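Here's the structure, in structure tokens; my notes come after.
The values are calculated or read from the model by the stated rules, or taken from the named source; none is laboratory data. These numbers were taken from a predicted model, which means no experiment stands behind them. Cβ placement follows ideal geometry from the backbone for every residue including glycine, while neighbour counts extend to all protein chains displayed. Protein only, heavy atoms only, side chains kept; ligands, DNA and RNA dropped before computing areas. Shrake-Rupley method; radii C 1.70, N 1.55, O 1.52, S 1.80 Å.
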Amino acid sequence: MKDFNYHSAKDSKEASKLASSSSAFLAGGMTTIPSMKLGLATYKDLIDIKNIKKLSGIKVSGKSVTIGAATKHVEVSNSKDVKKAIPSLSSLAEGIGDPQVRNRGTIGGSIANNDPSADYPSACIALNATIHTNERKIEAAKFFKGMFETALKKGELIEAIEFQIPEKSSYQKHPNPASRYAIVGVYVAKHKGDVNVAVTGAKSCVYNDKEMSKALSGNFSSSSIDGMDLDSSEMNTDMHASAEFRASLVVTQAKKAVDAC
Amino acid sequence: MASLVGSRVERKEDKRFLTGKGRYTADINLANQTYAIFVRSPHARASIKKLNIDKALKSSGVVSILTGKEIADDKIGGLIAGWAIRSEDGTEMKCPGNPPLAKDNVNFVGDPVAVVIAESLAEAKEAAEKVEVDYKVLKAVTSTADAMNGDTIHEGIDKNLCFDWLLGDRQKVKEAFDKADKVISIDIINNRLIPNAMEPRACVADYNAASEEITLYTTSQNPHLSRLIMSAFGNVAPEHKLRVVAPDVGGGFGSKINVYNEDIVCSWAAKKINRAIKWVAERSESFLTDIHGRDHVTHAELAVTKDGKFLGFKNETIANLGAYARVFGTVTPTYLFGPCATGVYEIPAAYTNVKAVYTNTAPVDAYRGAGRPEATYTIERLVEKASMELGIDKTELRIKNFPTAFPFKQTLVHTVDSGDYVAGMEKAKQMADYKGFEARRKESEAKGKLRGIGVTSYFEACGIAPSAAVMSLGCGVGLWESAEVRFNPTGQVTVYTGSHSHGQSHQTTFAQIAADELGVPIENIDIVHGDTDKGTFGMGTYGSRSLAVGGIAIVNACKKIVEKGKRVTAKMLEANPEDVEFKDGEFIVSKSNKKKTIGEVAFACYLPGVRDEMKSPLPEGDEPGLKETSFYDPSNFSFPAGTHIAEVEIDPETGHVKLEKYTACDDFGRIINPMVVEGQVHGGLAQGIGQALYENAEYDETGQLMTGSYMDYTMPRADNFPEFNIGYTCTHATTNPLGVKGCGEAGAIAAPPTVMNAVIDALGGQEVTMPATAEKVWKACKNLKKSNAKAA
Ligand SMILES: Cc1cc2nc3c(=O)[nH]c(=O)nc-3n(C[C@H](O)[C@H](O)[C@H](O)COP(=O)(O)OP(=O)(O)OC[C@H]3O[C@@H](n4cnc5c(N)ncnc54)[C@H](O)[C@@H]3O)c2cc1C
């Protein structure tokens, strides 16, 4: 690992002021540190944001759950409030990586990174999340732009993620047996008006499957999507799963999610 | 005094391991040490056109950079294959040179070409990036099955073929097949695995200019063997000027048998720069350069009568050696594989033919089970298929072909001294509730799931091995083991063993044995291993040999202590040595009932005299002191055996295989410490089930390792396993005084076919290759649905 400067920011303002084209925020470090160790990324400055009080914590209102960006996965999975308001969100957090990763990794780091097989992006899409940054509010649907790409501008800091509490929801992941990231993860959320079927792992970026959403909005039963033949042409193929298998898994996991709602 | 052998004595080593006090190679730091980083080939096959170190030499903190040229100039030898195999046509195997630093050609990704030595690790890394190597990239050979058709990797080795070996009688097999009612045939792949010891390899080399001695601390399973190889073949230093220390070692599974490039290079370089050098592998280096295991492609056939008697067996295998033949690389797919491929069965005629090929991949060598998992997988998949095709219950078919009388002369090589295979099968069936399976299958079906049951009966040949036997078959060394028992004047005992513990609990089990033999409290016994300057020459730990060979050496050395004690007691108590008995730490003269404790005798041996008298407790001919050595050469291998039964449930929609139940009923002869044996069985099962369901080392066609980290190489985790249901039958080995058999590899040997037989049973007999990953199983489920629909 190459030498770098370490800064600990005391508030969002200082953090974004320190940011430059050769810096990264340091939240859990679960992505940043390994990529630096492997020489895949080099930064001149790491700006630690874990000590910014405002970025941690969980607030629940009648309609939404707001989670500070530096909140760790373990805190989300253990939170009684989250368990009560959106149990599927708590179980999603519980299924990320392993205890070491959950004890350090943060929700903000996860969505800023936007790994195509990360779990949280699907929650943001399914639960109509709003991403609060130090500059603005961004709807989840407009936040995830592509593989490892988001709407964040350089130096823009996520402060919190606000999830809409659904009527019912479930997240079903078919994990990569080695890394335990999602080969396919499907987050189904039934809101008052409509149903979201957010899919992660299958394509280069998380997306809301319109076809399944429509079918389920009409009839919220797994039978309405059973046997659906999804187009696999844009799906990922790697040594763990072919596009064809992923396409099948998307439907299977969606059905499981509906049944679990 | 109650006997300790057979009881669950708590592990003496746990305190230090659990409190972080273990002392591993990476924990060792010497004064003024430097740090080494190896520059490795990024290509699977290339010739080195130019290697330029000028820029790197100017990098800050660099002490020295050495390359293949200096290795060659200094006449440092290369890595070797320890077992010479002869082809069927009588020609000797063909092995390429394997210099510790490649000079002209590189043959796998990770092959080292230079070492950078610097004042700090960061500086060594930085400089290593500045070493410029100009490669001419050549077409790599990576596929086991096609290796013989690929470009020639090593000059003069035609078809990339190391040897084409035969064990058995082709003509007799042909005759047997001619008589058969049915021939069952199978094509299988034994997937390549990466051992993944928890502790990555490491070494610290030091040179003492005053004594001209090199000390190498290294992660080895066999420090004496390493010293021998480094001296005799590596030309690093003569044996008396080379000390090899393997301190706490965090797992080996065979991957730490070999002397590796880094051991030789660091030892040689430490003398050259006259400073200590430390090297610790990163996990990615372990993936690339530790020896890998398995990697066979096999076609096998079984000739049977219609009522299920086995008549003949054929086994045609291509075994991948990787880029070079290493220490046990050539014996693993031959003598450790072929003889066991006929399994626990009486098969009148059999042969195994193995073509061992070179490819541009990491060297393949002995990995837990070494050859016997591949053998057991071959025969047990075949027998399972036979049971399906013949319509005979899988347990009945096996029992029908078990030998019932012992010693059992197995078809190809071994004479198995003891066992009771029927009893093992019956007990396993009971433990697994074999009878209740159909009901459980229906329950699964009702949930839309597929359930399967798989059985394996295995025997294996371990506790390697009689020296005359193995040397007659080409082994470069004899596989005896040594022990030295030093009884100290004040009553404690230090036992030096040539075995090496890297997770096998020798500190406990060996102490239990010595405590019983000598009647000394276990707290007063220390087991010492892993330092060529401390104990006598020993062969080390692999092939489940520590107890069955090393343990017996301890027993024999203890017995010599007792014999001397009897003579001394007789002299002290003025009795006949024949009238002295030894029990629970006391020498008793049977006629007079007078006694001496072993402590008193030891004290007398070291202080042989009394004040005011000219009198010695030592009989004529006996020297002072109480220390005995034994070099034990076993008369045979040991032959553990057993039956394992697995049950899986498959979700046809996702292809997910859930291992629901796993039963292991093993015969390890006498068990010294049941807790330790359970640990060995659990670990072996985890690795065996890992091979069946999760682990796979995959190279692409250019020879890049695709599974070079835990993001892609599936190491099984605790939540992948059910509670293991473990039981034993016990027939004592008749070939050693403790009656013990090896237990270290059984799990890894039996589990792969057991689990795969269950998976394939659930899939209605459709073959899937290991590991049975979700996608493969999902596809098979789709086919099953189609063929069921057709049938309906
Ligand atoms: C072994 C392992 C297994 C894993 N398994 C899973 C899994 O199963 N599922 C899953 O979803 N994830 C998984 N992860 C990822 C992990 O959960 C983290 O979410 C992820 O590593 C990023 O979070 P972090 O807090 O560690 O971010 P960091 O590594 O600290 O930062 C990552 C990136 O996000 C940026 N960033 C961080 N915080 C902010 C912020 N507030 N505003 C703007 N930018 C920010 C940083 O600048 C950096 O570029 C795994 C990771 C590992 C190492």
Could you calculate the contour length gain from residue B:472 to residue B:151, that is, 0.36 nm times the residue separation minus the distance between their Cα atoms, to one decimal place in nm? 112.2 nm
From the C-alpha gyration tensor of the range B:277-330, square roots of 5λ in Å: 41, 11, 9
The range B:670-792, accessible area per residue, ligands and nucleic acids excluded (1.4 Å, Å²): 37
Expressed in square angstrom to the nearest 10, the accessible area of residue B:154 with a 1.4 Å probe stands at 20
Divide the volume of the convex hull of the Cα atoms of the range B:479-632 by its number of residues and quote the answer in cubic angstrom per residue. 112
Tell me which chymotrypsin sites (Phe, Trp or Tyr not before Pro) from the range A:1-77 have a DSSP coil assignment and no more than 14 other beta carbons within 10 Å of their own. none
Is there a simple number for the mean count of other chain Cβ atoms within 10 Å of the Cβ of residues in A:239-250, and what is it? 4
Report, in debye and to the nearest 20, how large the dipole of the range B:15-163 comes out about its Cα centre when Lys and Arg carry +1 and Asp and Glu carry -1 on their Cβ. 520
Note the buried accessible area between A and B here, summed over both chains, with a 1.4 Å probe, in Å² to the nearest 100. 1800
Please list, in order along the range B:456-473, the HN-Hα scalar couplings obtained from phi with the Karplus expression 6.51 cos²θ - 1.76 cosθ + 1.60 (θ = phi - 60°), rounded to whole Hz, x for Gly and Pro. 9, 10, 10, 9, 9, 10, 9, x, 6, 5, x, 4, 4, 5, 5, 6, 5, 8
Dipole of the protein assembly as shown, Cα-centred, from +1 at each Lys and Arg C-beta and -1 at each Asp and Glu C-beta, to the nearest 20 debye? 2280
Kirkwood hydrodynamic radius (Cα pairs, Å) of the protein assembly as shown? 31.7
Within chain A, which complete DSSP H helices have Cα atoms spanning at least 18 Å along the helix axis and a mean Kyte-Doolittle hydropathy of -1.0 or higher? A:243-260
Can you give me the P(r) profile for chain B? Cα pairs, bins 10 angstrom wide beginning at 0, each as a whole percent. 3, 13, 22, 24, 19, 12, 6, 2, 0, 0, 0
For chain B, the dipole about the Cα centre with charges only on Cβ (Lys and Arg +1, Asp and Glu -1), to the nearest 20 debye, works out at 540
Can you give the accessible area of residue B:151 in Å² (nearest 10), computed on protein heavy atoms with a 1.4 Å probe? 80
Need one number: convex hull volume per residue for the range B:121-221, Cα atoms only, in Å³. 298
Let me know the Rg and Dmax you get for the range A:168-260 when you use only its Cα atoms, in Å. 12.4, 40
Could you tell me what percent of the accessible area of the protein assembly as shown is made up of carbon and sulfur, with a 1.4 Å probe and every protein chain present? 50
Considering the zone a paramagnetic label at residue B:232 would reach in this model (a point 7 Å from Cα along the Cα-to-Cβ line), which residues of the range B:447-473 have amide N under 19 Å from it? B:464-473
For chain B, return all DSSP H helices satisfying: extent of Cα atoms along own axis at least 15 Å; mean Kyte-Doolittle hydropathy at least 1.0. B:746-762
So, for the range B:479-632, what is the accessible surface per residue at a probe of 1.4 Å, expressed in square angstrom? 42
Go through the range B:299-331 and name the trypsin sites (Lys or Arg not before Pro) that are in a DSSP coil and have 16 or fewer other Cβ atoms within 10 Å of their Cβ. B:306
Work out, step by step, the length gained on full extension between residue A:10 and residue A:35: first 0.36 nm times the residue separation, then minus their alpha carbon distance; give nm to one decimal. 6.5 nm
Using every alpha carbon pair in the range B:557-633, what percent of pairs falls into each 5 Å bin from 0 up to the bin containing the largest distance? 3, 17, 28, 24, 16, 8, 3, 1, 0, 0
Find which of B:703, A:193, B:246 sits farthest along the positive direction of the dipole of the protein assembly as shown, computed with +1 on the beta-carbon of Lys and Arg, -1 on that of Asp and Glu, about the Cα centre. A:193
Taking the dipole of the range B:251-383 about the Cα centre (Lys, Arg +1; Asp, Glu -1; charges at Cβ), the one of B:303, B:369, B:313 that reaches farthest to the positive side is B:369
Got a sec? Charge dipole of the protein assembly as shown, +1 on Cβ for Lys and Arg, -1 for Asp and Glu; which of B:524, A:32, B:489 is way out at the positive end? A:32
At a 1.4 Å probe, which residues in the range B:752-792 are at least 10 Å² less accessible with all protein chains present than in their chain isolated? B:774, B:775, B:778, B:779, B:782
Per 0.36 nm of contour for each residue apart, how much would the distance between residue B:594 and residue B:212 grow if the chain were fully extended, relative to their Cα-Cα spacing? 132.1 nm
Everything considered on the Cα gyration tensor (a ≥ b ≥ c; rounded for a/c under 1.5, else prolate if a/b is larger than b/c, else oblate), the range A:5-164 must be described as prolate
Mean 1/r over all different Cα pairs, inverted: what Kirkwood radius does the range A:33-97 give, in Å? 13.6
Taking R0 as 41 Å and r as the Cβ-Cβ distance between residue B:682 and residue B:581, the FRET efficiency 1/(1 + (r/R0)^6), rounded to the nearest 0.05, comes to 0.50
Total charge of the residues flanking residue A:204 in space, meaning their Cβ is under 13 Å from its Cβ, with Lys and Arg +1 and Asp and Glu -1, is -1
Rough spin-label spacing in nm, given labels placed 7 Å along Cα→Cβ, for residue B:523 and residue B:405: 5.4
Tell me, what is the FRET efficiency for residue B:440 and residue B:50 to the nearest 0.05, using R0 = 56 angstrom and their Cβ-Cβ distance as r? 0.30
Residue-wise HN-Hα coupling along the range B:250-256, computed from phi with Karplus coefficients 6.51, -1.76, 1.60 (Hz; x: Gly, Pro): x, x, x, 6, x, 6, 10
By the Kirkwood definition, with r running over pairs of different Cα atoms, the range B:692-792 has a hydrodynamic radius in Å of 17.2
